[in-house]
Amino acid sequence: MASSAVYLDADENLEAIISRIDQKSRKIETLLKQSKPVEALKTALEGSPLKTRDERCKSANWIVVHRALMAIRDVDGMFNSLDPEYYDILMKYLYRGLSTGDRPTCDQCLKIHEKLTERAGLGCILRSLADTVNTV
């Protein structure tokens, strides 16, 4: 019962969450135009809507993260610039990308997944699967 109250509080401001995602999307597009895909990915991963069950919010944020993920060309270079604090949430989004079944998305997600697992270890996979706060 208490956990549903936590979700309810997060869902009360759905329009505010969508608005923040729209602002984030505009910032990411600017970063991508400036050829800063790693910064775009960091921005996309920051402030993911926590504990929301609303599919609109989760889908809108996935679109933003997907745009940034697909812009990454140098995966090794990305991990040289990406802070470890982003690894677990990135892993969750990689699994979301794999669930789409879209060939280019899956290829990119698998490439990043391989490097992320090398870098962060198997614990990253377990933490992303067990995480109930960051719902993607």
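The values are calculated or read from the model by the stated rules, or taken from the named source; none is laboratory data. These numbers come from a predicted model, not from an experiment. Methodologically, a virtual Cβ is constructed for each residue, glycine included, from the backbone with ideal geometry; neighbour enumeration extends over all protein chains shown. Ligands, DNA and RNA are excluded from the accessible area calculation, which covers all protein heavy atoms including side chains. Shrake-Rupley method; radii C 1.70, N 1.55, O 1.52, S 1.80 Å.
General observations
- Of the residues making up segment 40-58, those that are assigned to a helix (DSSP H, G or I), out of contact with any Ser or Thr (no Cβ under 8 Å at 6 or more places or on another chain) and under 19 Å from residue 86 (Cα atoms) are 40, 41, 42, 43, 44, 45.
- Condition check for residue 136 on (1) in a helix (DSSP H, G or I); (2) under 10 Å from the mean Cα position of the chain (by Cα): one failure, at (1).
For (1) hydroxyl-bearing (Ser, Thr, Tyr); (2) at pLDDT 95 or above; (3) buried (at least 20 other Cβ atoms within 10 Å of the Cβ), each residue gets a yes or a no:
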{"position": "2", "(1), (2), (3)": "no, no, no"}
{"position": "5", "(1), (2), (3)": "no, no, no"}
{"position": "14", "(1), (2), (3)": "no, no, no"}
{"position": "47", "(1), (2), (3)": "no, no, no"}
{"position": "61", "(1), (2), (3)": "no, no, yes"}
{"position": "83", "(1), (2), (3)": "no, no, no"}
{"position": "105", "(1), (2), (3)": "yes, yes, no"}
{"position": "115", "(1), (2), (3)": "no, yes, no"}
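- Test: residue 88 is acidic (Asp, Glu), in contact with a helix residue (DSSP H, G or I) (Cβ under 6 Å, 6 or more places away or on another chain) and open to solvent by less than 40 Å² (accessible area, probe 1.4 Å): no
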